[in-house]
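*Asks:* Shown below is the structure under consideration.
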Amino acid sequence: MRKKPDFFNLSVWNILSPEQSMLDQARIKMLYYGLFLAFVALCTVCINIFIQHQRLSGTIATGLLVAVVVLFKYLTYKPEWKIISHILLTMALLVNLLDVFVFVQNVEIISIQVIILSVLFSFYMLGQRWGLIYSLANLIPVLGFMVYSFSNSYIVQLKPEDIEESTKIITITANFIMIIYIHSHFYNAFVKNIRELRATSEEQSRLNSALEISIDRAEKSSHAKSEFLSTMSHEIRTPLNAVIGMSNLLQMNDPRADQIDNLDILKFSANNLLSIVNDVLDFNKIESGKVEFEKIRFNLVELMNSICGGQIIKAEEKGLKFYLDVDSRLRSKVIFGDPTRITQIIFNLVSNAIKFTADGSVWVRVKQLGDRHNTLTINFTVKDTGIGIEESNMGAIFEPFTQESITTTRQYGGTGLGLAIVKRLLELQNIQMHVTSKVGVGSEFSFHMEFPVSTEKVAVEEVSEEPAQPGQVSSIPTSTDSLQVLIAEDNPVNVMLMKKLFSKWNILPTFAENGEHAVELVMYGNFNIILMDLQMPVMNGFDAAIEIRKMADPKKAHIPIIALTASAMFDIKEKVFESGMNDYVSKPFKPDELKEKIYTLVEAV
């Protein structure tokens, strides 16, 4: 920004600044040079008048000269062009009316020139509204005088003063110079403005074209990133499926105590790697705007028990006390919301609390704050006695791939995505997270969430107060001898894993190495259910499912199909159901979860 001019400034360039528009700069320049021309003209007129000994005209001309000098100095000190324009127009109006009605008592060419100057000056300097006001203020009285004097004798006590021809010539010449200057100056300003606008428009068009190209590249890059993450997820999840699956199988074989420890470490490390992959994919999905929140019925007490069941075991393994306190008023209430996203939020907060707490306790509290108009307001709080957070680092902990410090990352590990995912999920629902923390004492994360309430009531005795234990499966049939399962899978490691797993369940599965072979086996065989991998050579799982649904035999066309895949595409579930499949299990899968889904679908047929 240009430095403010001092009182002794006389240069126009010191009162112009980049913040001013081109039109405003043109107005300031016109005032500057116009006042200078007026000063020269008035000096000439004053000298000529005093030579002619016309006192009244001399007094008026001298007053105008002093006013012009004062306004010129004011402009070069404070370029308040609007105020100066109003003063000049008011002076011109008063002087012109006094000349017509008092001093000259006639409408001469000088008065007409002054009116023309006022009209031009007011419109150019102050815009249409003030231009009309000053134009009418000058024209109406003069026209009224002309109409009145046409049919009546206009007489006032003051004798009109005759102006010498030399004075008239000087004044008329000066007025014409001012009129020409105003037109010329603003014509050049307008032409320059139009040229710059055209150049700006062309530059804007060029920038828009470049922006469109950049947006297209960004969209392609985003799509490529999503495809890359999906591919990498599939490539990582596939061997992870084998690692975790084999760990589960080895644990089923009654291993020795030393083997149990090794298997636990192996499974823990594999699950940690899977958690990192899932965090990256979840964050990418949220950032891509692919998150949609469901509105389904669920019981919050049951959900919290389910979420915290596995976390209690983790806390106890670290020697921590874990407290889950859910408001008893919520036991009999069914609410509408997205249990999957609530699980994701609470799970990340509790996992962080356990991770960063070496001694002490972790509390999870769910409290009903209000119940009105069929809407519940519920407060969720996760508190720990962990390492705490520095006040200066409060903002950083919610940034993606960021933890409080490098030391924290090295000591505790993790991607730094947990809290970023929590924050984004809450922000998408217009919910604010509140954090209080003290270093060495602990941290508390809390937020309020509103839920519509169902009129359905749940019997209190049906809701367990104890957290659900991980791995529990309800009412799974134990008789598996007669089950015929077709598995479409091209990965030999996964084939071996499935053979070993199904042998534990006394099931002899049939394998197809691609979708086309699976369709043929279904056509000529009898199966109770199909486990369909999605990415296979020759024919993928989607196309195979579509072909099976087209079969003439109703029994074969309606056979249950479960999609088994390591893919992490955002719309994978939609594609699964659109192709006619019944359910979806992501690799690496939990054996009990797969077993439950198999028998649920078989029994439903």
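All of the numbers you see were taken from the coordinates with simple rules; none came from a lab. Computed from a predicted model, the values in this text were never measured in an experiment. A quick note on method: Cβ atoms are made from the backbone with ideal geometry, for glycine too, and the neighbour counts reach across all protein chains shown.
*Asks:* Bins of 10 Å, beginning at zero and ending with the bin holding the largest distance: percent of Cα pairs per bin for segment 146-192, please.
*Replies:* All Cα pairs, binned at 10 Å, distribute as 20, 22, 28, 19, 10, 1 percent.
*Asks:* How large is the Kirkwood hydrodynamic radius of segment 57-113, in angstrom, based on all distinct alpha carbon pairs? Could you put the intermediate results ahead of the total?
*Replies:* Values: mean 1/r = 0.0804 Å⁻¹.
Mean inverse Cα-Cα distance, inverted, gives 12.4 Å.
*Asks:* Evaluate the relative contact order of segment 13-205 (contact order divided by residue number), counting alpha-carbon pairs under 8 angstrom at least 6 apart; express in whole percent. Walk me through the intermediate numbers first.
*Replies:* Working: 145 pairs, mean separation 53.6, N = 193.
For segment 13-205, the relative contact order is 28 percent.
*Asks:* Still on this structure, I have one more. Can you tell me the equivalent ellipsoid semi-axes for segment 315-406? Use √(5λ) from the Cα gyration tensor, largest first, whole Å. Could you put the intermediate results ahead of the total?
*Replies:* On the way: eigenvalues 157, 61, 28 Å².
Equivalent ellipsoid semi-axes, largest first: 28, 17, 12 Å.
*Asks:* Would you work out the charge dipole size for the chain about its Cα centre, treating the Cβ of every Lys and Arg as +1 and the Cβ of every Asp and Glu as -1, and quote it to the nearest 20 debye?
*Replies:* Numbers: 56 positive and 66 negative charges, 401 e Å.
Result for the chain is approximately 1920 debye, rounded to the nearest 20.
*Asks:* Given contacts defined as C-alpha pairs under 8 Å and at least six residues apart, what's the relative contact order of segment 485-604, whole-number percent? Please list the in-between numbers first.
*Replies:* Numbers: 181 pairs, mean separation 27.2, N = 120.
Relative contact order, segment 485-604: 23 percent.
*Asks:* Taking Cα pairs under 8 Å and at least six residues apart, what relative contact order does the chain come out at, in percent?
*Replies:* Working: 797 pairs, mean separation 62.8, N = 605.
It comes to 10 percent, rounded to a whole number.
*Asks:* Something else about it: With N set to the number of residues, divide the alpha-carbon radius of gyration of segment 13-205 by 2.2 N^0.38 Å and report two decimals. Don't jump to the answer; show the numbers that get you there.
*Replies:* Working: Rg = 18.8 Å, N = 193, 2.2 N^0.38 = 16.3 Å.
My calculation over the Cα atoms of segment 13-205 gives 1.16.
*Asks:* Can you give the convex hull volume of the alpha carbon atoms of segment 485-604 per residue, in Å³?
*Replies:* 97 Å³
*Asks:* Could you give P(r) for the chain, binned at 10 Å from zero, as whole percent values over all Cα-Cα pairs?
*Replies:* Result returned by the calculation: 3, 12, 16, 14, 10, 6, 7, 8, 9, 8, 5, 3, 1, 0.
*Asks:* Then there is this: Over the residues of segment 1-57, compute the C-alpha Rg and express it relative to 2.2 N^0.38 Å. Can you show the working numbers first?
*Replies:* Details: Rg = 16.7 Å, N = 57, 2.2 N^0.38 = 10.2 Å.
In units of the globular-protein estimate, segment 1-57 measures up at 1.63.
*Asks:* Right, something else. Given H placed 1.01 Å from N in the peptide plane, which residues other than close sequence neighbours of I529 have an amide H under 5 Å from its amide H?
*Replies:* Q484, L486
*Asks:* Please report Rg over Rh for segment 88-178, where both radii come from the alpha carbon positions and Rh follows the Kirkwood definition. Write out the running numbers ahead of the final one.
*Replies:* Numbers: Rg = 13.7 Å, Rh = 13.9 Å.
Here Rg/Rh amounts to 0.99.
*Asks:* Next question. With each label point set 7 Å from Cα along the Cα-Cβ vector, what nm distance links Q368 and T62?
*Replies:* Distance between label points: 9.4 nm.
*Asks:* Using DSSP H assignments, which helices in the chain have an axial alpha-carbon span of 24 Å or above and a mean Kyte-Doolittle hydropathy of 1.0 or higher?
*Replies:* Values: long enough: 22-52 (44 Å, 1.35); 55-77 (33 Å, 1.39); 81-98 (25 Å, 1.73); 109-151 (37 Å, 1.50); 165-252 (123 Å, -0.10); 257-287 (45 Å, 0.10); 300-317 (26 Å, 0.47).
Length and hydropathy pass: 22-52, 55-77, 81-98, 109-151.
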